[in-house]
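Shown next, in structure tokens, is the structure this report addresses.
Please treat every number below as a calculation from the coordinates, not as lab data. Only a predicted model underlies this, so the values are computations on that prediction, with no experimental measurement involved. Counting neighbours? That spans all protein chains shown, and the Cβs are built from the backbone with ideal geometry, glycine included.
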Amino acid sequence: MAFVRSGSHSGNGYRVFFACFLIPVFIYAQQKIDRQAVIQRHTVTVTTMDTLASLSVGNGSFAFTTDVTGLQTFPAYYKKGVPLGTESEWGWHSFPNTAHYREAEALKTYELEGKKISYAVQPKEPKTSKEAADYFRINQHRLQLGNIGLEITKKDGSPAEPGDIKNIHQELDAWKGQITSRFTVEGTPVTVITYGNQEEDAIAAKISSPLVAEGRLGIRIRFPYPTGAFADEGTNFNGNEKHQSVITTHLLNGAVIRHSLDTTTYYLQATWKGPAILKERSAHYFTIMPTEGADFEFGILFSPLVKQITPSYTTTKNSSEGGWKKFWLSGGAVDFAGSTDPRAFELERRVILSQYLTKIQCAGNYPPQETGLTYNSWYGKPHLEMLWWHAAHYALWNRTDLLEKSLQWYFTAAKEAKEIARRQGFAGLRWQKMTDNTGREVPSSVGAFLIWQQPHLIYLAELVYRNKKDKKILDKYKNLIFETADFMASFPTYEQKNDRYNLGRGLIPAQECFNAETTFNPTYELAYWSWGLETAQAWRERLGMKRKKEWDLILQKLAPLPQKNGVYLATESTPDCYDADSKYTIDHPAVLAALATIPAGNHLDTAVMHKTYTLVDKIWHWEHTWGWDFPLVAMTATRLQQPSLALDALFRNIKTNTYLVNGHNYQDGRLTIYLPGNGGILSAVALMCAGYDGSKTVNPGFPKDGTWKVKWENLSPMP
């Protein structure tokens, strides 16, 4: 297991060096950056078969993850590391609903604040309700589309095993989207160059080795069956009778294979250069074996429908190199070369690789799941409260069109969001938490009570408008914004005693360790609610409309941010949350989020927040946090004008703040990759460089002691 956190690192086949130059250091911004040089000094190098060092290619709606062979040759070996996934945004499957479960069976009615409200939860009883909830959590689930590996035969006729792969040297050149893999088998060299197509859900590779001419090296195609488990690593090759894989078309240099499972059907299209034989070895197991020459080029396309053309190796190579050059030359860039702080090179590495990973995993037309398009977490379903952490950075780095792609999903999901609000007796749109491409609400005893995803749409649309300053943006999103705000105004409960509106009871805050039935007035949600409603009013004013009185009433009388002993509480309902024996100093330190992504609002006092920050920093159980918590804390420190604390937060030595050699944020054995951490890094660094509205400090997130030389260009300030 090879982790890279900070400092120089050598071991397990990796070498990472920090660029430290002992020269006078100054702070720079908006200087021309040699982007190719910055990116290629973070070329990833792998020299051992480390299961956490898998590399990926992709285009945002499709991703393909490889082992050290450049393809997916040893999926079982990598299963518990970073799995060798092939996933798309369109590839979903459901097991047949033979028991005829209904979604309504997962609803449970709670009496909260004098109202009876139904929530889609995971009931423990009766049995039928639990089984119904489980069915709809599992179905539909994202598919592992297929495994494309090398078919390697040793001299004795046996298949090569992981231990037979020697002299490994693999590189990912993010500037080109190119993975070059070199190794030997029984002393014979093999080179594989792999690309991901940027316009199609396709990969292509070129294999060079004497083993090709010997008939001992070709391509293996296998179709796994979905597991229906929390994670699906694409290694279930049992249950052959449950699905069908059929060669439907033979071409001179290509073929089409149809894969059908239950009501889902899709196609694998292959093309190759030179003579080769496609053969069905067994059920769901095919090989393409070249018959002459030392080089073999091929392309593989996955699609829900047969397409006329399968991109060749050359086509995909050109698509990858051209597409990635265009990406890297667009939007923002940072350069920390010349910094004497030993963490500078590592931060720059995380920034570069996080841009690469979020582009291939999270830049599609739907909200991504937390493990992107590599392998399933939560059955492949996205969590809407995480969309900010996956995608807000696209606007901050001035790649706004990539943010807008996933925002289109809200128009599809609005019908279900309106029905949730109607069912619960609220106005407007109540946005789902755990969902899928269709926008269906998934039963969840935690997710059903979360509310902090509500203002995300307003925030993300606001970022789009800030960058484009186009009335068409206002017209496009206004109805979604206004109906989102209508729910936000109808959700609080009026408390006559204090003449105020409370958030809750009947919610779980972003810090998910609180009880839904007793929790009210969480600090972060109060601050975000206020900002969201005020921003929705600003949209009305930009459109020449009057402010909405119902929203202003909530803004005027929303409960204040709760305090005790001069610090902000996690929630008003837990005044003992910081006591020595408190169970509430774990999970996300969301109280600090009230001044992280949003400006001081709802009468937030920065002096009180500073004391809160100091206390949280001291007493929090950081080992029980998540990867995006550290960028969150860094953003709060930046707004508190504490740049040294911001950097310390980004480099806190905690397992969930680990960044692997491939750039992925590692959490634990269950979540070996975690893309909200990568997205969070990008948003935090944008704030630390470009600042925020009203900020007058250059590079507010970096110390002015001469240890940091910060160049950046084309970043946008945060609200």
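Remark on Thr658: its backbone amide H falls under 5 Å from those of Tyr666, a criterion applied only to residues 5 or more positions apart or on other chains, H modelled at 1.01 Å from N. Among residues other than Thr291 with Cβ under 15 Å from its Cβ, the summed charge is -2 (Lys and Arg +1, Asp and Glu -1). Taking Lys and Arg as +1 and Asp and Glu as -1, the other residues whose beta-carbon sits under 14 Å from that of Lys564 total -3. Note that the stretch 371-378 has calculated 3J(HN,Hα) couplings of 9, x, 10, 9, 8, 6, 10, 6 Hz, one per residue in order, obtained from phi through the Karplus relation 6.51 cos²θ - 1.76 cosθ + 1.60 (θ = phi - 60°); glycine and proline are x. Overall, the chain carries a charge dipole of about 1160 debye about its Cα centre when +1 sits on the Cβ of Lys and Arg and -1 on the Cβ of Asp and Glu, all other atoms neutral.
Beyond 19 Å in Cα-Cα separation lie the following of the pairs Lys32/Lys325; Lys418/Lys478; Lys80/Lys655; Lys471/Lys546; Lys206/Lys317; Lys433/Lys549: Lys433/Lys549. For the chain, the residue among Leu474, Thr184, Ile673 whose Cα projects farthest onto the positive side of the dipole built from Cβ charges is Leu474.
All C-alpha pair distances within the stretch 183-257, sorted into 5 Å bins from zero, spread as 3, 10, 14, 16, 18, 19, 14, 5, 1 percent across the bins. Taking the Cα atoms of the stretch 257-370, the ratio Rg/Rh between the radius of gyration and the Kirkwood radius comes to 1.11.
Rounded to the nearest 10 degrees, what's the angle between the helix 344-361 long axis and the longest principal axis of the chain, both from Cα atoms, 0 to 90? Taking the Cα atoms of the chain, the angle to 344-361 is about 80 degrees.
Using Cα atoms only, what is the angle between the long axis of helix 629-639 and the major principal axis of the chain, expressed in degrees (0 to 90) to the nearest 10? Orientation of helix 629-639: about 50 degrees from the principal axis. Computed on the stretch 197-250, with alpha-carbon pairs under 8 angstrom and 6+ residues apart, the relative contact order is 21 percent. Just to confirm the filter: which GluC sites (Glu not before Pro) across the stretch 274-344 are DSSP coil and have at most 11 other Cβ within 10 angstrom of their Cβ? Of the GluC sites (Glu not before Pro), the ones in loops of the stretch 274-344 whose Cβ has at most 11 other Cβ atoms within 10 Å are Glu292. For Val44, nonlocal amide neighbours, meaning residues 5 or more places apart or on other chains whose placed amide H falls under 5 Å from its own, are Leu172, Ala174. Working from Cα pairs under 8 Å separated by at least six residues, relative contact order for the stretch 55-187 is 26 percent.
Taking other Cβ atoms within 10 Å as a rough exposure proxy, Met289, Met386, Met488 sort from fewest to most as Met289, Met386, Met488.
Between Leu251 and Ile309, the simple spin-label model (points 7 angstrom out along Cα→Cβ) gives 1.1 nm.
Seen from Trp175, the other residues with C-beta closer than 13 Å to its C-beta sum to a net charge of +2, counting Lys and Arg as +1 and Asp and Glu as -1.
To the nearest ten degrees, helix 313-329 and the longest principal axis of the Cα atoms of the chain are 30 degrees apart.
Taking every DSSP bridge with both residues inside the chain, close to 95 percent are antiparallel.
Across every pair of non-identical alpha carbons in the stretch 402-527, the mean reciprocal distance, once inverted, gives a Kirkwood radius of 15.5 Å. If each of Glu199 and Lys468 carries a label point 7 Å out from its Cα toward its Cβ, how far apart are those two points in nm? For Glu199 paired with Lys468, the spin-label model returns 2.4 nm.
Can you tell me how much longer the chain between His603 and Thr184 gets when fully stretched, taken as 0.36 nm per residue apart minus their C-alpha distance, in nm with one decimal?
Result: 144.4 nm gained on full extension.
With one equal scatterer per alpha carbon and no solvent term, the Debye-computed log10 I(q)/I(0) for the stretch 207-315 at 0.16, 0.23 1/Å reads -0.77, -1.27. Once a ≥ b ≥ c are taken as the square roots of the eigenvalues of the Cα gyration tensor of the stretch 578-719, is the result rounded (a/c under 1.5), prolate (a/b larger than b/c) or oblate (a/b not larger than b/c)? It comes out oblate by the Cα gyration axes. Taking a point 7 Å from the Cα of Val446 along the Cα-to-Cβ direction, the residues of the stretch 131-158 with backbone N closer than 17 Å to it are 134, 137-138. Compared with the direct C-alpha span, the chain from Ala294 to Leu329 gains 9.0 nm at full extension, assuming 0.36 nm per residue.
For the stretch 62-71, 3J(HN,Hα) computed residue by residue from phi via the Karplus equation (6.51, -1.76, 1.60; θ = phi - 60°) reads 7, 9, 9, 10, 10, 8, 5, 7, x, 9 Hz, glycine and proline entered as x.
By the count of other C-beta atoms within 10 Å, a proxy for reagent exposure, Val710, Val464, Val68, Val608 are ordered fewest to most as Val608, Val464, Val710, Val68.
Scanning residues 5 or more positions from Glu512 or on other chains, those with amide H under 5 Å from its amide H are His588, with H placed 1.01 Å from N in the peptide plane.
For the stretch 249-326, the dipole from Cβ point charges (+1 on Lys and Arg, -1 on Asp and Glu) about the Cα centre works out to 200 debye, to the nearest 20. Calculated mean residue ellipticity, 222 nm, the chain: -9000 deg cm²/dmol, from DSSP H runs (n ≥ 4) at -39500 (n - 2.57) each, averaged per residue and rounded to 500. Scalar couplings 3J(HN,Hα) for the stretch 480-496, obtained by applying the Karplus form with A = 6.51, B = -1.76, C = 1.60 to θ = phi - 60°, are 5, 4, 5, 6, 4, 5, 4, 5, 4, 7, 8, 6, x, 10, 6, 10, 5 Hz; x denotes Gly and Pro. Taking other C-beta atoms within 10 Å as the exposure proxy, Tyr666, Tyr267 rank Tyr267, Tyr666 from fewest upward.
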